[in-house]
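What follows is a single structure, written as structure tokens, with notes after it.
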Amino acid sequence: MVHTPADIASLMTKVAARDARAFEAVYDATNAKVYGIILRIVRRRDVADEILQEVYVKIWDRAADYDATRASPITWISTIARNRALDEVRKRQPVSIEDTPEALAVASSEPHPLAALERSEDVARLMACLDTLEPKRRELVMLAY
């Protein structure tokens, strides 16, 4: 059923009086648009689902605050959804590994610990070998490499 802004405004009056059926009708008439707004902002379905639920809880709690002379019901509802989604984005600013799972596949630039150990053993043997040379020849080899 398609609802006009006037229909939804009338339903909002009933929601303010705690009419569950009117609330269901408001939800049915607006949830697709509200979910789209939230999803565009947060870009994660799991987070958008949670925010959608929070938005409609807030609408249920604050329906008496809606003033039809100031805005259409969808504008009022969309503003609540947008603000809640933006709050979530601000709160989640530090990127978690869940947001970028491809980061797990990035190889470390540090050498493998076993390779580093092998290299240090090789360097120790090389230094022992260089110590057997006379100082002038050792300096020439060191400068060459």
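Given the choices [x] 15.9, 49; [y] 16.8, 48; [z] 32.5, 100, Rg and Dmax of the Cα atoms in Å derived from the coordinates of this structure is entry [z]. The helix-based estimate of mean residue ellipticity at 222 nm for the chain, built from -39,500 (n - 2.57) per DSSP H run of four or more residues and divided by its residue count, is -23500 deg cm²/dmol to the nearest 500. Taking 7 Å steps out from each Cα toward its Cβ at ASP46 and ASN83 produces label points 2.8 nm apart.
Whole-Hz Karplus values for region 3-16 come out as 10, 7, x, 5, 4, 5, 4, 5, 5, 4, 4, 5, 5, 4 Hz, taken residue by residue from phi with 6.51 cos²θ - 1.76 cosθ + 1.60 and θ = phi - 60°; glycine and proline positions read x.
Each residue of region 74-79 is assigned a 3J(HN,Hα), and the resulting list reads 5, 5, 4, 5, 4, 5 Hz, derived from the Karplus form 6.51 cos²θ - 1.76 cosθ + 1.60 (θ = phi - 60°), x at Gly and Pro.
Using a simple charge model, +1 on the beta-carbon of Lys and Arg, -1 on the beta-carbon of Asp and Glu, nothing else, what dipole does the chain show about its Cα centre, in debye to the nearest 20? Dipole size: approximately 520 debye. Excluding ligands, DNA and RNA, the accessible surface per residue across the chain is 74 Å² with a 1.4 Å probe. Stretching VAL57 away from ALA115 to a fully extended chain increases their span by 15.1 nm, per 0.36 nm per residue minus the current alpha-carbon distance. Within a straight-line Cα-Cα reach of under 20 Å, LYS91 can be paired with the following lysines, leaving aside sequence neighbours fewer than 8 residues apart in one chain: LYS58. Here the contact order of the chain, divided by its residue count and restricted to Cα pairs under 8 Å and six or more residues apart, works out to 23 percent.
The values are calculated or read from the model by the stated rules, or taken from the named source; none is laboratory data. Everything quoted here is computed from the prediction, not taken from an experiment. Every residue, glycine among them, receives a Cβ derived from its backbone with ideal geometry; neighbour counts consider all protein chains shown. Ligands, DNA and RNA are excluded from the accessible area calculation, which covers all protein heavy atoms including side chains. Shrake-Rupley method; radii C 1.70, N 1.55, O 1.52, S 1.80 Å.
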